[in-house]
Each structure stands twice: as structure tokens, then as C-alpha cells.
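Chemist: So that we are looking at the same thing, I have put the structure below in C-alpha cells.
The values are calculated or read from the model by the stated rules, or taken from the named source; none is laboratory data. Computed from a prediction, not measured in an experiment: that's the story for all the values here. Here Cβ is always computed from backbone atoms with ideal geometry, including for glycine, and neighbour counts include all displayed protein chains. Surface accessibility is based on the protein's heavy atoms, side chains included, excluding ligands, DNA and RNA. Shrake-Rupley method; radii C 1.70, N 1.55, O 1.52, S 1.80 Å.
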Amino acid sequence: MKKLFILALLTLLPLPMVSAQTLDVRTIMREPSIAGMRVESQRLSPNGEFVIYAWSAEAREPKDLYFVSTKGGTPRLLVKAEENFEARTGAAESKLNYGLIVRDEFARAREKGLGGIDISPDSKRLLFSQNSDVYVIELGDAASKPRRIFRTQGAESGARWLGNDSILYSMSGNFFVITLKDASVVQVTREANPQSFISVSGVVTTQDSKLLAYVVSDGSKQRALFVPSYLDEFVQTPSSRRGFNDQKIYVSRLDGGQERPFEITLPKSEGVGYIRGLDWAADNSSLLVDRIDQDLKRRQLFYITSAGSKDEKSILVTEEVDEKWVASLSRIVESNPKDPGVLFFGSERDGFNHLYVAKLNNDQFNISQVTKGQFEVDWAKWSPSGETIVLSSTEKGASERQFFELNLAVNERYPITSGQSGMKTGAQLEGDGMPVLLYEGSTWNKPGDLFAISVCTKCRAIFTPARLTDTVPANFSSMKWNAPKFIDIPSRDGKPIKSKIYLPEQFESEVASAKKRGGRKVFPMVIFVHGAGYLQNTINGWNNYYREFMFNQLLTRKGYVVLDIDYRGSAGYGRDWRTDVHDFLGGKDYEDHIDASDYVVKNFSVDGDRVGVYGGSYGGFMAGMLITRAPEKVAAAAALRPVFDWKNYFYSSPIYTVERLGFPEKNPEAYRRSSPISYAEQLKRPLLILHGLVDSNVPAQDSIQMIEKLMRLEKTKFFEAMLFPSEDHGFIRPSSWADEYERIEAFFDKHLK
């Protein structure tokens, strides 16, 4: 395949030539990144012939829009973000502009970003959003310029095509339809009321664009979460509502001709829960509803026939109860695009997330399991014909993802991408006849790029994926990285812990040399703990932890062994592994870290007295648990944006917390034993606390409360802390990243070297 012009552009970028000798924290964290910039917001056209994506050839914000054929070739710059940007009228700039500039060049560049990409059903028009405005561009005309659809001071969002000439969008919480031909606007929802905390979400439309279904949530009983910002002249205290809410499902007509929406009637839910998803069937009148209740332990799928009419009927497709909590992967639900009486859904009922097909027969669904085995299905999509299902799974190994086409007629799976190793994520499937599969492919040392491949098992031909982008700078690709060793470490209860170990480059030779001299060479070790939610990091692929990957490489070059494990609660290994943290966060997952550390100390020449740990979010929580509860095993810990008290996280993210620990007032012992702040008096080894001050996920109060308790316990000599005033949960500014990790590097060098 011919090299794309992107590669030529990247080689001209002012990126530093980096070698093993010059890699440092500032180089790792700078922008533009030495790893280049990944493609974002990619969208495969409905006809499967091209892809629109956001990217910057300079690897800096704002990203531009590009067009590329799914057959490969030279991508074409479609929209230049800087040139298209239209500033809104703002306040006059203060003359007292010395000191900290809140809206500096870094912040203003991100305000110009493009997003919300959607392609019309006939693949001839593109819409996108910028600065809370919606733009349309004619794709058939190479000279076409974006046309701004609205000229209001309001913010339009969530725009998508309804047909080839109409757009559904949200403004002030409600949804509207604009017809481009005559610029007429129709309001199609009226329930949203921000002042009363009533919101509209989950909007789905029928294939014929005549009906829409949506969820109305009443958040008036939720609590306000305040995240103060101290950067401006006056302290800003933005808030959001957190907690469970009351939800109803409505159906309405998209032409605005219905005076009042029709409320869908479902059996009353039991305990707390929420609507996970809605999907219209191919008959444009039957609605699939996915609901969780019984305090997040019961999942029910309902099939509503004649939705939005007096003839409505509710049929229970399936119901299952998990005594711990229902898997997030079971969200894989889709109605057949051709047959309204057929659908598939995901379920862990046999221990691994697999696909089940349900077929309607006389007001009852017959269900059959169509994938089986000791592996997980993590993505699935009906082919446009409705005859096969394209899916992604761990069947060929948990550290990678491969695509298969499942032929339901003979119940056989055919590999689509088995010749390409690594992780394949972000899948999209479009195109009639011979559909096209779009995905991002990567390996542990190769950042992700876009690939497309035709899907046609009947063709009896082997297709090769077409590489659509080449976004990795040549100097990064030429760097020598220490390859991780993928190993299984035995745990105390016999379950294997999937792990990666990074060794110093001279590890083998130094160990052998010391042994030859009659001595023993031992190395310090750092354990990196990935975040949670539901995540896997022992993979042969690139992910959001690419900075940590490079930092871990830096540590190995300084003589550290680095350990990275998929502890209990991680994704990719089935229901039991996922739920083993139930009722005790810091229970079996904590034990996994102890067991893995002991194993590496014993088998990889690590000094057991010089073991450190670091991680962010759940990784910060685990760092706090290890340093307070296992001082004989861990010599130093860096906790980034950590959860130190789970009752705080219950108030900010109740679904995640209730799934694992239940309600605080009903299960106080689980919250106490799961919270590092409960063990603060046991701290006697160095702890570094790092937190973004405007963190809206794990608010900084966790770290602030821990700092206060440690001071009251007179533990000052055992801890250090730094708050980052401009950063949310996921850091953005290179200066913050660099400051944070230079502190971690110096901290480990001080206490482990």
C-alpha cells in the first residue's frame, strides 16, 4: 500500500528526535506528543465508502476534519478548524491581564474543536458542531464550504440526521427538528426543564423518521455536587446533580403533530435502577427497552408492540438477576434491521458475556445462545442484511480482540481479522451488499490507526485490511522500547492474574554477571495500578495510559522493574473475576497485588524492601490501601486523584458504588473496610498525594480529607501532597502532567533507589 501523505506531514513536524538516552518526563508529557495524535470522532459513511475523522497534522488542538476512502489512498483535508471558527460575542478583555491568564492560548485552541460528526443516510452530506453551532457541508462538491445552520446565541448540541434533509438537535434541554429545505423548525420534546432538574436523554428515532422515543428523568431529589474553581478573579462554584432519579419513557411524532407524547407503560421497577437503552425494531412501531432495577441486580428486556398507541402491549423478552451486580457488557442489545421479531442481547448468565438471539413467536420470545466458551464478546452488530452478526471477542486470547462474522443459519463463526495481531476497538459496520468494518488497530508499541475491511464470508475470499491513517511520527516508531513480558501469576485462591512485567534493558546480563561473581543483583520495583470502572490493561494494544506506558519505560531505563496487573474487578476475564470485588473494594484485588508483588520479588531479582506503587483514580485508591495496610510489602506509594473514602464516591457516582458496595447506610462496614482513610493511623511509609482541584469524578475532597486526617494524626513526615488547580479527573495540560510525574519520579528515586 502506498504511504499516505499523513506520514510525510508528520515527518516534517517540529517533534524532537528522542532516543533512549534523552527520554525524560517533560519529553513524554509535552504537546505535541512524541507519539503523535490519535484520530478521534471517526464516522463511517452509511454506504461504507468513506470515513470522516478529526485529527491534526501538527498534533495540536484544534483538530481538523479529514475525508478518506475505505479502500485507502490519500486522505483529504475537509475542514480547517481555525478557519471555520466563528467567535461568539464575549466580555471585553480585562486590562488587568497580568498574572494567571485563565483563557490562555492552550484553552482557546480547545474551544475551537470540531465534533458531533454525522453523515446523512445517502452519504452526501456531513454535519458537525463547533463552538455550540451546527454546520453542514456537501460532500459531493470538493469546493463546498461548511454552512452554519443556526444564527442564534443559544447552544445547539446532539445534532444528527433524520433523513437526507432534516436534522434532530437539542437546545436548552429539549429536542427540535429543522428541515434544511425551508429552514422550518419543529419542537418535538417539551418535558426538559433545567430549573426543575428535569432532563431528556436516550433519544432514538425509527428508521422511517416518524417516531422518537426518549427518557425523561426527574433529578429534583438528587444532590448538588459543587466543584469550586479558584483560577478566576472570583471563585466559581459550578455544580451538577448526582444520584438516582425517577425515569419515564415517552414516544412522540417527529412531525410535531402530536399535542402530548405517549407514556410507555412498564411494570413498576423494584428498588433503584435506570433505563440502560432504547432501540426501535424494523417495523417502526415496536420498541425495545433495557432496564436495570432491584438495586442494580436485575436486568429486564421489554418489547413494546405498537408503542405510542392505544394498542400498545408489553412483552418480557428476558429477565435475569445477578446477586452481585449486572454486567455493563450486557448493554449489547440490538433489534434485527430487517426482521422486527428478532433481536440479540448480551448476558453473563453462563459466566462470560455471550450473545443470545431472541425470536418472537405468539407474543413470547424463544431464546437461544449463539456464542459459547471461556471468552467474552465485547461488541456486536447486525450486518445490514440481518442474516449475520459481526462481533469482537477475546476468543483468540484475552490480551487481544479479533472480529468474527457469525452466520446464524449454520451457527458458525468466521474470522475477519485473524491475520492481524493486537487490539481492535472502536468498531463500526456500514454498507449494503458487502458491508465494511471500520476499526482502530494497535499493539503495545504501535499507537492506534484506522483500518477498514470488507465483510463477506460468502465470497470465499480473504480480504486484507486497508490502512486508512498513519498518524505515528517516524522518530517514535524508530524508538527502541522494552517489550513487556506477558505472564500469568498465581493468586492465593488459584486464579491466574494476567500481568505484564517490564524489565530493565540490562536485566539479564546484570543478573548473570552478579551470579557469576557469587553475588546477587536485585532491582527496585514499581507497581503501576490501572484505573477501574471496568477496564483491562494487560493487553497487546495502545490505550489512554500511553503516558504511563512511556513513564514505565523511563523507569526501566533507570533500573526499575515495573509490574502491571489486571487485578480482580478488571475487564476481559468473565463474571467471577469482575465481581470478586463485591462487598470489599481492597479485598481480593488488594490480595492480587500482594501476591503478584511477592511472585515477582521471588522470580525476577527484585528487592522486596524497595517496592513502590502508583496509580490514578482506582489506582490511587489501591496505592492508598497498599501503603497503609501493607507497609512491610510497599516502601512508597503515589496516589493520583484517589478515592480515599467510598461514601464520598457514592454521592458523586452512586451507580458504580452501589453496584460494588450497596448503600452506605445499609452496608456501613463494607464502606469502612474499603476506604483507605480508615487505615490512616497505620501509615508509616512515604505517601505522595496528587489531585486535580476541579475533579468532577473523584472530587478533591477525598485527598483533602485524608490530608487533614494525617495532619491530625501527626503523620506529617510520612506524606507529601500537591493539588492541581486547573485539572479535572483526566489531566489535559502538559505542564500539569509533567509536574505530576516529575514529582512521582523524584519520589521513587528518593525512597526506592
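Chemist: Can you tell me the orientation of helix 701-712 relative to the chain, as the angle in degrees between its alpha-carbon axis and the longest Cα principal axis, to the nearest 10?
Modeler: The two axes meet at around 20 degrees.
Chemist: Still on this structure, I have one more. Report, largest value first, the span of the C-alpha coordinates of the stretch 557-612 along each principal axis, in whole Å.
Modeler: Here the spans come out as 37, 20, 18 Å, largest first.
Chemist: In whole Å, what is the distance between the alpha-carbon centres of the stretch 367-443 and the stretch 539-562?
Modeler: 30
Chemist: Roll a 1.4 Å probe over the protein heavy atoms and report the accessible area of Lys458 in Å², nearest 10.
Modeler: We get 150 Å² for Lys458.
Chemist: Taking the Cα centre of the chain as origin and charging only Cβ (+1 Lys, Arg; -1 Asp, Glu), how large is the dipole, in debye to the nearest 20?
Modeler: Here the chain has a charge dipole of around 1500 debye.
Chemist: Measuring from the lowest to the highest alpha carbon on each principal axis, how far does the stretch 526-646 reach, largest first, in angstroms?
Modeler: 37, 33, 28
Chemist: How high is the FRET efficiency from Lys268 to Glu138, r the C-beta distance, R0 56 Å, rounded to 0.05?
Modeler: Numbers: r = 50 Å, r/R0 = 0.89.
After rounding to 0.05, the efficiency reads 0.65.
Chemist: I'd like to check one number: the per residue accessible area of the stretch 482-554, probe 1.4 Å, reported in Å² as a whole number.
Modeler: Ligands and nucleic acids excluded, the result is 44 Å² per residue.
Chemist: At 7 Å along the Cα-to-beta-carbon direction for both Leu96 and Asp598, put a label point, then send me their distance in nm to one decimal.
Modeler: Placing both labels 7 Å beyond Cα along the Cβ direction yields 6.1 nm.
Chemist: To continue, here is another question. How large a share of the accessible area of the chain, in percent, is made up of carbon and sulfur atoms when the probe is 1.4 Å and the other protein chains stay in place?
Modeler: Of the solvent-accessible surface of the chain, carbon and sulfur hold 49 percent.
Chemist: Under the definition of Cα pairs under 8 Å and six or more residues apart, what whole-number percent is the relative contact order of the stretch 356-503? Kindly include the intermediate steps, with their values, before the conclusion.
Modeler: Working: 253 pairs, mean separation 16.4, N = 148.
In percent, rounded to a whole number, it is 11.
Chemist: How long is the gain from Lys515 to Asp583 if the chain were fully straight, where each residue apart is worth 0.36 nm and the alpha carbon distance is subtracted?
Modeler: Here the segment from Lys515 to Asp583 would lengthen by 19.9 nm.
Chemist: So what's the angle, to the nearest 10 degrees on a 0 to 90 scale, between helix 507-516 and the longest Cα principal axis of the chain?
Modeler: 20
Chemist: Using a basic spin-label model with each label point 7 Å from the Cα along Cα→Cβ, how many nm lie between Val321 and Lys717?
Modeler: Placing both labels 7 Å along Cα→Cβ, they lie 5.6 nm apart.
Chemist: When ligands, DNA and RNA are left out and all protein chains stay put, how many square angstrom of accessible area per residue does the stretch 199-261 have with a 1.4 Å probe?
Modeler: 59
Chemist: Could you state how much accessible area His751 has, in square angstrom rounded to the nearest 10, with a 1.4 Å probe and all protein chains kept in place?
Modeler: 60
Chemist: Here's a follow-up. Averaged over every viewing direction, what's the projected area of the C-alpha convex hull for the chain? Give it in nm², one decimal, please. Mind showing how you got there, number by number?
Modeler: Working: hull surface 138.3 nm².
Averaged projected area of the chain's Cα convex hull equals 34.6 nm².
Chemist: Two decimals is fine: what is log10 I(q)/I(0) at q = 0.14, 0.32 Å⁻¹ for the stretch 618-663, from a Debye sum with one equal scatterer on every Cα and no solvent?
Modeler: After summing over all Cα pairs, the log10 values are -0.38, -1.06.
Chemist: Here's something else I'd like to know. With all pairs of different alpha carbon atoms counted, what Kirkwood hydrodynamic radius in Å does the stretch 124-249 show? If you can, show how the numbers build up before the last one.
Modeler: Values: mean 1/r = 0.0594 Å⁻¹.
Evaluated over the stretch 124-249, this radius sits at 16.8 Å.
Chemist: Also, I was wondering about something else. What is the extension gain from Met434 to Trp481, computed as 0.36 nm multiplied by their sequence separation minus the C-alpha to C-alpha distance, in nm to one decimal?
Modeler: Roughly 13.0 nm would be gained on extension.
Chemist: Could you compute how fast the stretch 59-153 diffuses translationally, taking Rh as the Kirkwood radius over C-alpha pairs and applying Stokes-Einstein at 25 °C with viscosity 0.890 mPa s? Give it in µm² per second. Don't jump to the answer; show the numbers that get you there.
Modeler: Values: Rh = 15.3 Å.
Stokes-Einstein gives a translational diffusion coefficient of 160 µm²/s.
Chemist: Please compute the length gained on full extension between Gln236 and Arg147, using 0.36 nm multiplied by the number of residues separating them and subtracting their Cα-Cα distance.
Modeler: Value of the extension gain: 28.5 nm.
Chemist: Roughly how many Å is it from the Cα centre of the stretch 602-616 to that of the stretch 60-105, as a whole number?
Modeler: 44
Chemist: Right, here's the next one. If the only charges are +1 at each Lys and Arg Cβ and -1 at each Asp and Glu Cβ, what is the size of the charge dipole of the stretch 293-339 around the Cα centre, to the nearest 20 debye?
Modeler: 100
Chemist: Would you mind getting the accessible area per residue of the stretch 367-478, heavy atoms of the protein chains only, 1.4 Å probe, in Å²?
Modeler: Per residue, the stretch 367-478 has 41 Å² of solvent-accessible surface.
Chemist: Which residue, Pro340, Tyr599, Tyr573, has the largest displacement toward the positive end of the dipole of the chain when charges sit on each Cβ (Lys, Arg +1; Asp, Glu -1)?
Modeler: Tyr599
Chemist: Still on this model: Output the Kirkwood hydrodynamic radius of the stretch 361-517, Cα pairs only, in Å rounded to one decimal.
Modeler: For the stretch 361-517, the Kirkwood estimate is 18.9 Å.
Chemist: Something else now. Per q in 0.18, 0.21 1/Å, what log10 I(q)/I(0) does a Debye calculation on the alpha-carbon atoms of the stretch 432-585 return?
Modeler: -1.14, -1.28
Chemist: Over all alpha-carbon pairs of the stretch 366-418, lay out the pair-distance distribution in 10 Å bins, whole %, shortest bin first.
Modeler: In whole percents, the pair-distance histogram is 24, 59, 17, 1.
Chemist: Against the longest principal axis of the chain, how steep is helix 734-752, in degrees 0 to 90 to the nearest 10, with axes from Cα atoms?
Modeler: Long axis of 734-752 versus the principal axis of the chain: about 30 degrees.
Chemist: Still on this structure, please answer the following. To the nearest µm²/s, what D does Stokes-Einstein give for the stretch 301-447 at 10 °C and 1.306 mPa s, using the Kirkwood radius over alpha carbon pairs as Rh?
Modeler: This corresponds to a translational diffusion coefficient of 96 µm²/s.
Chemist: Ok, one more. Top to bottom by accessible area (1.4 Å), largest first, where do Ser597, Ser696 land?
Modeler: Ser696, Ser597
Chemist: Which is farthest toward the positive dipole end of the stretch 102-256 among Gly158, Leu211, Val185, measuring Cα position about the Cα centre, with Cβ charges +1 (Lys, Arg) and -1 (Asp, Glu)?
Modeler: Among Gly158, Leu211, Val185, the one farthest towards the positive end of the dipole of the stretch 102-256 is Leu211.
Chemist: At what distance in nm do the modelled label points of Arg733 and Asp246 sit from each other, each positioned 7 Å from its Cα along Cα→Cβ?
Modeler: According to this spin-label approximation, the distance is 4.4 nm.
Chemist: For the stretch 246-292, list log₁₀ I(q)/I(0) at each q in 0.13, 0.25, 0.33 Å⁻¹, using the Debye formula over Cα point scatterers of equal strength and ignoring solvent, two decimals each.
Modeler: Result of the Debye calculation: -0.36, -1.07, -1.32.
Chemist: Calculated FRET efficiency, Arg160 and Lys210, Cβ-Cβ r, R0 22 Å, to nearest 0.05?
Modeler: Working: r = 16 Å, r/R0 = 0.71.
Efficiency at R0 = 22 Å is approximately 0.90.
Chemist: Along its three principal axes, how long is the stretch 183-328 when you only count alpha carbons? Whole Å, largest extent first please.
Modeler: Principal extents (Cα only, largest first): 58, 52, 21 Å.
Chemist: Whole Å is fine, so just give me how far the alpha carbon centre of the stretch 295-334 lies from that of the stretch 253-288.
Modeler: 12
Chemist: If you don't mind, another one. What share of all Cα pairs of the stretch 521-595, in percent, falls into each consecutive 10 Å distance bin?
Modeler: Result returned by the calculation: 18, 45, 29, 8, 0.
Chemist: Over all directions, the average projected area of the alpha-carbon convex hull for the stretch 625-730 comes to how many nm²?
Modeler: 6.6
Chemist: OK, next. Give the Kirkwood hydrodynamic radius (Å, one decimal) of the stretch 237-316, defined as one over the mean of 1/r across all pairs of different Cα atoms.
Modeler: Working: mean 1/r = 0.0711 Å⁻¹.
Result for the stretch 237-316 stands at 14.1 Å.
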